[in-house]
Structure formats: C-alpha cells, structure tokens
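Below: one structure, written as structure tokens.
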Amino acid sequence: MAKFKWETEWKEALARARAEKKPVLIDFFNPG
Amino acid sequence: MDAVTYPNGKVAEFIEKNFIPLRVRFDAQPLASDFKVTWTPTLVTGDANGQEHHRTVGFLAPEELIPSLLLGLAKIHFDQNQFEAALSQLEKLLADYPKSDSSPEAIYLRGVSWYKSTHSAKPLKEAYEQLQKVYPSSEWAKRAAPYRLL
C-alpha cells in the first residue's frame, strides 16, 4: 500500500496544511 | 486507485512530498455537499485554506495522476498570481509527462501564465501553435484558437 498517511478529518488536514504550508489533496472515495 | 495508483512508489512519494492527503467517504457531510461530490473517485486539489483549484473525477493511472496533480499545483499558484511558480510546475509536467492527458491544458496554461507575467502576446500565440501541432483535436487547441490572430 501507499507509503503516505491519509488524514481522515477535514479540520486536522487543514491545520496541517497551514502549518506545513502545503496544499491539500482530497480523495472522496466509495469504500464499497 | 487503491489497487494500482496509490501503491505506486512514485505516486506515494509525490503525494507525501507535495500534499496533505485527506481521504473521506463520498457521502461524508458536510464536506461532500460543500464540494458537490457526485461520483467517485473525486480528487480535489485545494490550497492550504481549503479553496478548490482543480478536480478530477474517475480513475487515474499513476502516469496520469502525477501530471494531474502537477497541474493542480500550477493552478493554485496561477490563481494566486504566482506565475513563476505556476510555470515551474507546468514545465515539470511537460518535461516529465509530455504525453499525459494533462499536457494540452498545461500548454495552454503555460501560455497564459507567460502572458500574465510578461504582458507579451507572443506566448499565447506559441501556445496555440504548439497545441495545433501536437494536440490539434484537443479542447485546449480550440480554446486557444483566437490566439492565432495575435
């Protein structure tokens, strides 16, 4: 599997994005 | 995406280096409604404030996902009037993934970025000429058609 770790909460992802000065990649997925 | 694209080493490295990745169900509220998600997978590239700048819907193979994400990074810079940074991402896309599905739009956006940073019409005409030569049937060649008159 992928080496990176997905965030699962919007607020936490945005907080990290601002702190690390990175954009966000949001994957809206269907778990099936 | 889970079977092919995300396990790819280059993809994982690219995402880890360039993004904060967030994964949510397609029906997670209020996010799914806020982003008007209607099909999966929907991939949204947003800035650090959560503002959307680029999206794709549907499966992307590794060799298409990375250039699509490069295009998304370029659009973030472009939308923030950071044209040199946008050009850097677009040049990388076109150098590393010249035959990707994102390339025609990258050629178009590169021309517009050059125009906005130099106020010279020459890059717009060059974008049209390159699109006509390499991707004559693409929608971006059509969108650039008026630049032939410059």
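The values are calculated or read from the model by the stated rules, or taken from the named source; none is laboratory data. As the structure is a computational prediction, the values presented were derived from the model and not from experiment. In this analysis, Cβ positions are derived from the backbone assuming ideal geometry, glycine residues included, and neighbour counts consider all displayed protein chains.
Might you check whether a residue that is among the hydrophobic types (A, V, I, L, M, F, W, C), more than 17 Å from B:S102 (Cα to Cα) and exposed (fewer than 14 other Cβ atoms within 10 Å of the Cβ) occurs anywhere in the range B:2-14? Can you show your working first?
Taking the range B:2-14 and keeping what is among the hydrophobic types (A, V, I, L, M, F, W, C), we get B:3-4, B:11-12, B:14.
Keeping just the survivors that are more than 17 Å from B:S102 (Cα to Cα) gives B:3-4, B:12.
The next check asks that each one be exposed (fewer than 14 other Cβ atoms within 10 Å of the Cβ); those that pass are B:3-4.
Scanning the range B:2-14 turns up at least one residue that is among the hydrophobic types (A, V, I, L, M, F, W, C), more than 17 Å from B:S102 (Cα to Cα) and exposed (fewer than 14 other Cβ atoms within 10 Å of the Cβ).
If you scan the range B:89-129, which residues turn out to be of a type in the set (A, V, I, L, M) and more than 19 Å from B:K142 (Cα to Cα)?
So the first thing to find is which residues in the range B:89-129 are of a type in the set (A, V, I, L, M), and the list is B:90, B:93-95, B:106-107, B:109, B:112, B:121, B:124, B:127.
Listed by number, the residues that qualify are B:L90, B:L93, B:L94, B:A95.
Report whether or not B:A74 is outside any loop (DSSP other than H, G, I, E, B) and either surrounded by fewer than 21 Cβ atoms within 10 Å (Cβ to Cβ) or touching a residue at least 12 places away in the same chain (Cβ under 8 Å) (or both).
On the way: outside any loop (DSSP other than H, G, I, E, B): yes; either surrounded by fewer than 21 Cβ atoms within 10 Å (Cβ to Cβ) or touching a residue at least 12 places away in the same chain (Cβ under 8 Å) (or both): yes.
Taking the combined requirement at face value, the residue satisfies it.
Just need a number here: residues in the range A:1-21 that are more than 7 Å from chain B (Cβ to nearest Cβ) and either surrounded by 12 or more Cβ atoms within 10 Å (Cβ to Cβ) or not hydrophobic (A, V, I, L, M, F, W, C) (or both). Before the answer, list the steps.
First, pick out the residues of the range A:1-21 that are more than 7 Å from chain B (Cβ to nearest Cβ): A:5, A:9, A:11-12, A:15, A:19.
Applying the additional criterion that residues be either surrounded by 12 or more Cβ atoms within 10 Å (Cβ to Cβ) or not hydrophobic (A, V, I, L, M, F, W, C) (or both) yields A:5, A:9, A:11-12, A:15.
Selection size over the range A:1-21: 5.
What number of residues in the range B:1-25 are out of contact with any Pro (no Cβ under 8 Å at 6 or more places or on another chain) and within 13 Å of A:I26 (Cβ to Cβ)? Please lay out each step first, then the result.
So in the range B:1-25, the residues out of contact with any Pro (no Cβ under 8 Å at 6 or more places or on another chain) come out as B:2-3, B:6-7, B:9, B:12-14, B:16-17, B:21-24.
Subsequent filtering for residues that are within 13 Å of A:I26 (Cβ to Cβ) retains B:21-24.
Residues in the range B:1-25 being out of contact with any Pro (no Cβ under 8 Å at 6 or more places or on another chain) and within 13 Å of A:I26 (Cβ to Cβ): 4 in total.
Would you please list the contacts, defined by Cβ atoms under 6 Å and residues six or more apart or on different chains, that run from a residue in the range A:4-27 that is at pLDDT below 95 to a residue that is surrounded by fewer than 20 Cβ atoms within 10 Å (Cβ to Cβ)?
Going by the 6 Å Cβ cut-off, the qualifying pairs are A:F4/B:A12; A:F4/B:E16.
Considering the range B:73-106 alone, what residues qualify as being within 14 Å of chain A (Cβ to nearest Cβ) and among the aromatic types (F, W, Y)? Don't jump to the end; show me each part of the working.
Restricting attention to the range B:73-106, the residues satisfying the condition of being within 14 Å of chain A (Cβ to nearest Cβ) are B:73-80, B:82, B:85-86, B:89.
Answer for the range B:73-106, where residues must be within 14 Å of chain A (Cβ to nearest Cβ) and among the aromatic types (F, W, Y): just B:F78.
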